[in-house]
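The values are calculated or read from the model by the stated rules, or taken from the named source; none is laboratory data. Small disclaimer: the values here were computed from a predicted structure and weren't measured. Every residue, glycine among them, receives a Cβ derived from its backbone with ideal geometry; neighbour counts consider all protein chains shown.
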Amino acid sequence: MASALTDKLTRLVKEMRGQARITESNVQDMLREVRMALLEADVALPVVRDFIARVKEKALGQDVLGSLKPGQALVGIVNRELAATMGEGVADINLNAQPPAVILMAGLQGAGKTTTTAKLAKHLIEKRKKKVLTVSGDVYRPAAIEQLKTVTAQAGAEWFPSTPDQKPLDIALAALDYAKKHYFDVLLVDTAGRLAIDELLMQEIKDLHAAIKPVETLFVVDAMQGQDAINTAKAFKEALPLTGIILTKLDGDSRGGAALSVRQITGAPIKFAGVSEKLDGLEVFDAERHAGRILGMGDIVALVEQVSAGVDMEAAQKLAAKVKSGDGFDLNDFLGQLQQMKQMGGLSSLMDKLPAQLMAKAGAVDMDRAEKDIKRKEGIIQSMTPKERRKPELIKATRKKRIAGGAGVQVQEVNRLLKEFEQMQGMMKKMKGGGLMKMMKKMGGMKGMGGGGMPKMPF
């Protein structure tokens, strides 16, 4: 996520924190560095100018003078102003309308509209408990309608059929009629994208907007486009009354400029951010938390949310009860633990939310390799018979050879997995006797709890 910008600003933050006194000259030096970092990150020039002016005004004002730690105060000002540039807090999606609430998805081809439509459908179903219908008005791109059908089914929503020989306006009106008759809460309309802005596209989407009167017109923009994203956002803003923006591919954004510019240029709030290719990779955009991420402070709140969403509490409690009753920890339980890790949405997206200091420590670990490793372990356990999973002590040389052949790995890999399992089993035994606190102390987790007391990562 915006790695180049984050690296620069993280270094700056460290330097700024160390300042004993804030003078005009070191504020100037700091602002010069910030300006360079923002321009390199492809942030629009008017946005940079405005941002620098606001930080300077506040830094040289009373805010800092009364502060005990001026360096800290300076970091706080930069953080606040970054957040203010991207929006105020969380801009929620508006569904206050006579059902069905119509949401129009607009944007250029390749921005990720169709996938984002399905992600939004999944979000509305799971988080807002809505009945959702999707429809594609893209009659130009080959297989666009089929693509929406596929991803809608994966998201658990309903899809309204359309064909390339129909007019987009007729498709949208038919879908709206169907949604009313079948009591849908939300209708998501995926529109056609073009490779560049043209009059025909704009006219088509204007007519569509006038006919179906959406409560939300969301502009889907690719965060990796940088400066280009701003120009397209401007053009769409002039043509349509945009109510919100969805930034896609934020996980692959090496510069971060679009996220910082698009809100100020269009005046429309950023409502969601696409943070992975998976259908659950859509986050409600929180400007403050995102500013923290850009400054290398991490986003611990989002990390906790992601982990809690991925953890099956019921399964965890069952496992705890099983271990406590003395039934022991077998390979089925180990497999369950591995699957929990997968559900958390990929290790790299978890890493993304860690503060810069921890990220640097964890940076030595190849996340892709770690994820492949989890899949490999899963494959090895699935190659075992139910009896072997329950009683791992049965697995001797010939069985190991068979398991390795079934999983397509070397026998050493099977040995490595069994060794890891034994270590985990040993930990579980200690926990059974109420030895959890002792174990935490051993891991260093109780060492002052505030500093350096972080247990080692499990890969």
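On the given criteria, is Thr150 of a type in the set (Ser, Thr, Tyr), farther than 25 Å from Glu238 by Cα and surrounded by fewer than 17 Cβ atoms within 10 Å (Cβ to Cβ)?
Numbers: of a type in the set (Ser, Thr, Tyr): yes; farther than 25 Å from Glu238 by Cα: yes; surrounded by fewer than 17 Cβ atoms within 10 Å (Cβ to Cβ): yes.
Yes.
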- Query: Mind checking whether some residue in segment 104-112 is surrounded by fewer than 22 Cβ atoms within 10 Å (Cβ to Cβ), out of contact with any strand residue (DSSP E or B) (no Cβ under 9 Å at 6 or more places or on another chain) and in contact (Cβ under 8 Å) with a residue 40 or more places away in the chain?
  - Reply: yes
- Per the filter on segment 367-385, residues farther than 12 Å from Leu335 by Cα and modelled with pLDDT of 85 or more are Thr385
- Options Asp29, Asp50: the member that is assigned to a helix (DSSP H, G or I), more than 24 Å from Ser261 (Cβ to Cβ) and modelled with pLDDT of 75 or more: Asp29
- Of all residues making up segment 183-200, the number that are at pLDDT 90 or above and over 27 Å from the mean Cα position of the chain (by Cα): 2
- Message: Here's a check for you: in segment 114-171, which residue that is of a type in the set (A, V, I, L, M, F, W, C) and not in a helix (DSSP H, G or I) is farthest from Leu218 (Cα to Cα)?
- Response: Ala143
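Go through Leu68, Leu39 for me and flag whichever is surrounded by fewer than 16 Cβ atoms within 10 Å (Cβ to Cβ), at pLDDT 80 or above, outside the structural domain of Lys271 (by TED's automatic domain parsing) and not in a strand (DSSP E or B). Full working, then the answer.
Details: Leu68 fails: at pLDDT 80 or above.
Matching residue, one of Leu68, Leu39: Leu39.
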- Message: Condition check: in the same structural domain as Phe334 (by TED's automatic domain parsing), closer than 13 Å to Phe334 by Cα, among the basic types (Lys, Arg) and modelled with pLDDT under 90. Does Arg416 satisfy that?
- Response: no
